[in-house]
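Enquirer: The structure's right below; bear with me while I get my questions together.
The values are calculated or read from the model by the stated rules, or taken from the named source; none is laboratory data. No experiment lies behind these values; they were computed from the predicted model shown. Here the Cβ is made from the backbone with ideal geometry for all residues, glycine too, and neighbour counts use every protein chain on show. SASA here: full protein model, heavy atoms, side chains in, ligands and nucleic acids out. Shrake-Rupley method; radii C 1.70, N 1.55, O 1.52, S 1.80 Å.
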Amino acid sequence: MTIFQYIKKYGAFSFKQKPFNEVDNVILSFLAYLEFPDQLEDGITLQSFGTSLLEDDERVKKMKQDILSVRGSLKLLKAIYQQKRYRELQLFYREQEITEISQFSAITFRFPDGVCYVAFEGTDAMISGWREDLEMAIQFPVEAQKRAISYLNRHFTFGHAPLIVGGHSKGGHLALVGSMYANFLVRRKIQKIYSNDGHGLMDFVYRSPLYKKIKERYVHIIPNYAFVGILLRNDPDYEVVSSSHIGLEAHYALYWVVEEDHFKRARLSKFSKILEQGFSTWLDQYSLEERQQFVDDVFLVFEQSDINSLIDVKKSFTSTLKLIRSSVLVSDHVKQMIKELITILNQAGADHFGEKVAMEKKEGELYEADYL
């Protein structure tokens, strides 16, 4: 079943009746993509917030025209804000900062029993945010990582609320890094850390004692056609789940298949295994300086070619790489790096990038057209 069917089936159950699970985690992590007002009253319930937002026709219209993750978060809000399971959740500590070099956003949901779920937002469609993501393979910490650590320290050093920390995509990575580097008083309160197809860590961060300290509480969930979650250094014991889509679209967690109160487990696809090994080998052969030159050259081409969002790139990923490779703005060395990257994508089956899986439509099951 889909996440929306899960909500219909279990929305009448409180968290005391049916404990918080990995599907609830994805739902709350996706709500971080919502366009919250600049001034959000601390402690407002999800039901009150949902009622207010959904009555704002202009804001709703704007969100419907936004990227898939934002539209999906709006659909989720409509599905849950009046459900017994979610309506009494309280919202706290909304923070957002978007600059030319960084994108950071977070919000906290407090359960009736006092447990808090901290949700870090994933990357939006703007290229500026994706540049920061790529620079996480070059330097540590970047600005968003610093903000995630600061967020946890400022809001949760004092008090005794148990914490669950999570996020989707970049948000999952920030949940991991923030939890690792938060102070001891915060770390001891963290019960679970969920990275929902978030990318991994630079090698020296992955091998640090701080990672070992939180490893047993860390849950890394990736789809069977993973592209983002396999990047950089990851433990091989991640949880692989089934998605109704393949390629980049499998990254969209609302496509993940649910069985009762958990996601359906699957095996990592050949596509993702080739990418995982290929990307790792590709990164390891280049110095941090070479990686930085790659990022600088790529984004200079984006700027000159009016490529402003991930949507522009997704229209033809391999064509975008070929555009960069042919540009006079790109050094010969970076062109060689791109040639090798294209080879890896071709080996993995670039023709499948973003393609939808042909699946039988079971009676009563909701698919993309039904809820997006």
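Enquirer: Please go through region 96-105 and pick out each residue that is part of a strand (DSSP E or B) and either under 17 Å from ILE164 (Cα atoms) or open to solvent by 30 Å² or more (accessible area, probe 1.4 Å) (or both). I'd like the intermediate steps shown before the answer.
Expert: Pass one, region 96-105, residues part of a strand (DSSP E or B): 96-98, 103-105.
Within region 96-105, GLN96, GLU97, ILE98, SER105 meet the criteria.
Enquirer: Answer yes or no as to whether VAL240 is touching a strand residue (DSSP E or B) at 6+ places or on another chain (Cβ under 9 Å) and farther than 18 Å from LEU76 by Cα. Before the answer, list the steps.
Expert: Values: touching a strand residue (DSSP E or B) at 6+ places or on another chain (Cβ under 9 Å): yes; farther than 18 Å from LEU76 by Cα: yes.
Here the answer is yes, as VAL240 does meet what is asked.
Enquirer: In contact with a helix residue (DSSP H, G or I) (Cβ under 7 Å, 6 or more places away or on another chain), modelled with pLDDT of 95 or more and either crowded, with 21+ Cβ neighbours inside 10 Å or not in a helix (DSSP H, G or I) (or both): which single residue out of SER73, SER29 fits that description? Let's see the steps before the verdict.
Expert: Working: SER73 fails: modelled with pLDDT of 95 or more.
Exactly one of SER73, SER29 is in contact with a helix residue (DSSP H, G or I) (Cβ under 7 Å, 6 or more places away or on another chain), modelled with pLDDT of 95 or more and either crowded, with 21+ Cβ neighbours inside 10 Å or not in a helix (DSSP H, G or I) (or both), namely SER29.
Enquirer: For residues in region 106-150 being surrounded by 15 or more Cβ atoms within 10 Å (Cβ to Cβ), polar (S, T, N, Q) and at pLDDT below 95, which is nearest to TYR252 (Cα to Cα)?
Expert: THR123
Enquirer: Before we move on, is MET180 more than 19 Å from SER272 (Cα to Cα), buried (at least 16 other Cβ atoms within 10 Å of the Cβ) and modelled with pLDDT under 95?
Expert: Numbers: more than 19 Å from SER272 (Cα to Cα): yes; buried (at least 16 other Cβ atoms within 10 Å of the Cβ): yes; modelled with pLDDT under 95: no.
No; evaluated as a whole, the condition is false for this residue.
Enquirer: Search region 32-52 for residues being over 24 Å from the mean Cα position of the chain (by Cα) and of a type outside the set (S, T, N, Q), and hand back the single one that is modelled with the lowest pLDDT.
Expert: GLU41
Enquirer: While we're looking at this one, here's another question. When you scan region 137-204 for helices (runs of 4 or more DSSP H) that lie fully inside it, which ones turn up with 1 or more residues that are among the hydroxyl-bearing types (Ser, Thr, Tyr)?
Expert: Numbers: elements: 143-156, 170-181, 184-187.
Answer list for region 137-204: 143-156, 170-181.
Enquirer: Same structure again: In region 194-238, how many residues are surrounded by fewer than 20 Cβ atoms within 10 Å (Cβ to Cβ) and in contact with an Asp or Glu (Cβ under 6 Å, 6 or more places away or on another chain)?
Expert: The total comes to 1.
Enquirer: In region 19-32, which residues are touching a Ser or Thr at 6+ places or on another chain (Cβ under 7 Å) and either among the small types (Gly, Ala, Ser) or over 10 Å from GLY167 (Cα atoms) (or both)? Let's see the steps before the verdict.
Expert: Initial filter on region 19-32 (touching a Ser or Thr at 6+ places or on another chain (Cβ under 7 Å)): 30-32.
ALA32 - this is the single residue of region 19-32 that is touching a Ser or Thr at 6+ places or on another chain (Cβ under 7 Å) and either among the small types (Gly, Ala, Ser) or over 10 Å from GLY167 (Cα atoms) (or both).
Enquirer: In addition: In the list SER287, SER305, SER309, which residue meets the criterion of being at pLDDT 75 or above, among the small types (Gly, Ala, Ser) and over 19 Å from ILE246 (Cβ atoms)?
Expert: Numbers: SER305 fails: at pLDDT 75 or above; SER309 fails: at pLDDT 75 or above.
The unique qualifying residue is SER287.
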